[in-house]
Amino acid sequence: KDPEILTSVEHQELVLLTCIEELSSYVAACRKVAVPQMWVGSSIMLAFDCRAKVSREALSRGSPSDVARMHIFDWERSELNTPNHHANLPAKSKARRQAQWERYCAGLAKLLFECCALYFGRFWHTPKCFSLALWDKDTYSTDDFIGSCVVPVGVMYERTEAIRDSLGHPVRSGVFTTRESKLEFTIAKTLTIPPNSRLEFPWVVRVEKAIQLPRMDYTSEADSYVEVKGHPECDKDFSAALKAASKCQARRMLHDHSHQSCLHIDSSEPFWGEEFQFATLKHEARVDFLRAVSVALDVSTGEKEAERLFSGPKDERWKEFAQRCFPDAKVEDDQPSRIMQSFPEDDPLRLLHVGDWMVRIGQTRDLVFILFFLARIRIEVERDRDVLINFCEAFCNVKPTHSWVSEVRHAIQALQKATDRAHRDTLKLLLQVAKTEMEMHWLTYTLQRAGDSEFLTWKGKPIAEEARKSNARRSKALSILPDGPAAEAKETLSKKKWKNGGGLSARPSMVVAECESPAKRVAAATRIITYALHTEDLAMRRLAAAANNALEDELKFRGTEKAMTRRRFTVPSGGCKYAPTPGKEAMIFDAFAPEVFADFRRSACGITDTELLEELADDVRPLQSVATNSKSGELFLRSATGRFIVKTLSDGEAMMLMEILPRYIQHHEGDLPSLLGRYFGLYCLSMGSGQAYRYIAVMRSVFDTPQPLIATYDLKGCEYHREADALEAVRKDKDWIADGRHLDIPPEDARTLLEAHRRDCEFLASFNVFDYSIIIGISHFDIHATACNGAWVSKDKQGCFFIGIVDFLAKH
């Protein structure tokens, strides 16, 4: 408000102009370099203080470095090539330096062009209308377009406008009862600019809030932000052009040179309350920009030439601009050399993303190749001959005219002889065929998804930026799926809230790499792992249902078979649709037999997926560290209600659990009781930040009860060193005797308990395990106690005991 201080829009204009002048001078200097340079990895930085209060004296242009600066850094792998040194180089080295220098100059010219196009788009023309576009942020795919409002300039008003899609139809939310989505905003001339300013015709657009935004994601409300842009056309002309444009063109018309609001997470009625300032460059002030462009092009540039270069589609103009900046250099198309990633045949999350994209574009028949890779990860095609034959037949039906069909049909005949060699050869053949058929899909997918910043850094392998391709809304992608497993996925994924106000937002409150303690890292990682495995299973069934629907149920694969597998998952640093963000670093974890553990949890313990999610995947109620008297140094955490325990295991304990797992599950089948602790998951987690990996186990708490415990004991059946310290809450064998405790339960329950203990001991002895603990929790009797897991009611019905065998994974 101080008239001697530049307004925000004046500060923006001056910073951008200073950057253009600095870059133009640098382009002119590079053009004069006598021989090509080898500046590998060097970077250009444009820096300014966005909160600085710049005095109006800066308009004198006396010291532009006070407003913005350009720095060149990262010279470790660079060399200074002199004419004498270059003359003595072999022809191959000269060619390599020439190619590197041309790429560097093209990149520099592209950066200058982007700055000039942004400056031209924001300040050159007086806006006649404003567009306010709403987007749903997707961390792993292109942002979804929600809708926009196009309003004319010339009237100061505060209004609530209906949000419309690219065809001009009102956007509505809800399924059965639909309501119009609206945006509340203000456009006014409340900004005062002094006469000596470089700008004129100021406007202020204030975005207040949105009302009844549609749900754009499967598991949460929209993660919305607003882009505000001024246009030189009137509102009617711009709306007509928007309707006539393709989806990609419409996205650029709304996005290029726009102002962006902050991101509002998981809300159908987000509130922003942000202001955006607009103004037009005075005609006499254009000379500074034209002078800077003239320096870069080494030729006088007028307004008409600037209009031709910097208006319209950028892809058609930047190459001409770069070629004029460096006439002797060979400027490539806007397709810089890219490190194309190999097809992610062993990455389940990435495969699911590719499969979801194929559903969106209507390539559902080719999903059979994605499902083959997923079945291979789950070793289903390796251990089941019928599944492999079914995939062979599906391959032939999807591509009946391809050259490899005859080989696959011969492989089917060989498989029917049930030889191991035929199985291996057929698996190898199908793997090669699937890779070949997915090559073009993968190339198209990477090009269309390269505009997403998190995607660019997947596993640290950069992918060049491309023009974004607009996506169909996720709700539409779900709507084309058939009934069956997909209906179950839709029902599960459409739930809005979890109990106690918690939620499964895509951006957790704590992240793995930034947690200051190992316990908090394990807690954050457990939440991500639980959520990722749940959504992976739903997505697998959804893709299988879509493929079976497209193939008229010829493919029998359902993605529900259970196998003793070890699957590796990589969650990118920004998260993705199937997993929350782990923070600044990607998170890698291995899941051991996840389907086997999940089926055991459901069938033997009656714990549903939703119950597990509410306990372990709720960022509002994270896992809490538990202090124990364990001498192993392992970490113990409990869920908010105490139903589940998460603990770290040593390498030997983890391998022991996998060794006994098949018989361990059989041991719990039937109606015979068991005191052994129930394990529901085993994972191997990379702790990040240079730390080693840790094995994590999820198990049901022996004390799974809402009743408070009056005493807990850890018994091993001996008295040597078995006395708790004064500060230990869990007491031991000597304390049990000193306290006069005994299991005063009815005779029938006592016989059942002894039989369960005998069966458990025989089971553990078969694996040479004899070191374990019996933990006992004592609680007052309650009418609900008998319904709790492991509750043994005393004879006098005044108390009850919770008994379980734990720490039985040490083999001797």
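Using 1/(1 + (r/R0)^6) with R0 = 22 angstrom and r between the beta carbons of Lys304 and Ser25, what's the FRET efficiency to the nearest 0.05? Working from the Cβ atoms, E equals 0.35.
Residues whose amide H lies under 5 Å from that of Ser794, counting only those 5 or more places away or on a different chain, are Gly799, Cys800, Phe801; hydrogens are built 1.01 Å from N in the peptide plane. The length gained on full extension between Arg172 and Thr752, counted as 0.36 nm times the residue separation minus their Cα-Cα distance, comes to 202.7 nm.
So, for the range 91-130, what is the accessible surface per residue at a probe of 1.4 Å, expressed in square angstrom?
39
Going down the table (Lys399/Lys428; Lys716/Lys811; Lys520/Lys584; Lys110/Lys584; Lys128/Lys243), which pairs top 20 Å between alpha carbons? Flagged as over cut-off: Lys110/Lys584. Averaging the Cα positions of each part gives two centres, and for the range 69-108 and the range 362-379 these lie 46 Å apart.
In order along the range 519-527, the phi-based Karplus estimate (6.51 cos²θ - 1.76 cosθ + 1.60, θ = phi - 60°) of 3J(HN,Hα) comes to 5, 5, 5, 5, 4, 5, 5, 4, 4 Hz; Gly and Pro are listed as x. Working ranking of peptides 669-682, 404-417 by packing, defined as the average number of other Cβ atoms within 10 Å per residue, highest first, is 669-682, 404-417.
How do Tyr157, Tyr664 stack up against each other in accessible area, from largest to smallest, with a 1.4 angstrom probe?
Correct descending sequence by accessible area is Tyr157, Tyr664.
For the peptides 605-612, 647-654, the ranking by packing is 647-654, 605-612, with the highest mean count of neighbouring Cβ atoms within 10 Å listed first.
Averaging the sequence gap over all C-alpha pairs within less than 8 Å and six or more residues apart, then dividing by the number of residues, gives the range 114-158 a relative contact order of 35 percent. The H on the amide N of Phe680, modeled in the peptide plane, is under 5 Å from the matching H of Val698, Met699, Arg700, each at least 5 residues off or on a different chain.
About its Cα centre, the dipole of the range 292-429 is roughly 560 debye, where the only charges are +1 on Lys and Arg Cβ and -1 on Asp and Glu Cβ. Estimated from the Cβ-Cβ distance and a Förster radius of 22 angstrom, the FRET efficiency linking Glu719 and Asp739 is about 0.95. Evaluating 6.51 cos²θ - 1.76 cosθ + 1.60 at θ = phi - 60° for every residue in the range 634-649, the Karplus couplings come out as 6, 8, 10, 9, 10, 6, 4, 8, x, 6, 10, 10, 10, 9, 8, 10 Hz, glycine and proline recorded as x. Using 0.36 nm per residue and subtracting the Cα-Cα separation, the extra length available between Lys247 and Thr126 on full extension is 41.0 nm. Within the accessible surface of the range 253-320, defined with a 1.4 Å probe on protein heavy atoms only, the carbon and sulfur portion equals 49 percent. Along the range 29-35 the Karplus relation, 6.51 cos²θ - 1.76 cosθ + 1.60 evaluated at θ = phi - 60°, assigns HN-Hα couplings of 5, 5, 5, 8, 5, 6, 10 Hz to successive residues, with x for each Gly and Pro. Here is the list for the range 698-746: chymotrypsin sites (Phe, Trp or Tyr not before Pro) lying in DSSP coil, each with at most 11 other C-beta atoms within 10 angstrom of its C-beta, are Tyr720. Does the range 630-670 classify as rounded, prolate or oblate by the C-alpha gyration tensor (a ≥ b ≥ c root eigenvalues; a/c under 1.5 gives rounded; else a/b over b/c gives prolate, otherwise oblate)? In terms of gyration-tensor shape, oblate. Residue-normalised convex hull volume from the C-alpha trace of the range 96-191: 182 Å³ per residue.
The values are calculated or read from the model by the stated rules, or taken from the named source; none is laboratory data. Being a predicted model, the structure only gives us computed values, none of them experimental. Cβ coordinates were reconstructed from backbone atoms using ideal geometry, including for glycine residues, and neighbour counts include every protein chain displayed. Keep in mind that these areas ignore ligands, DNA and RNA; they rest on the heavy atoms of the full protein, side chains included. Shrake-Rupley method; radii C 1.70, N 1.55, O 1.52, S 1.80 Å.
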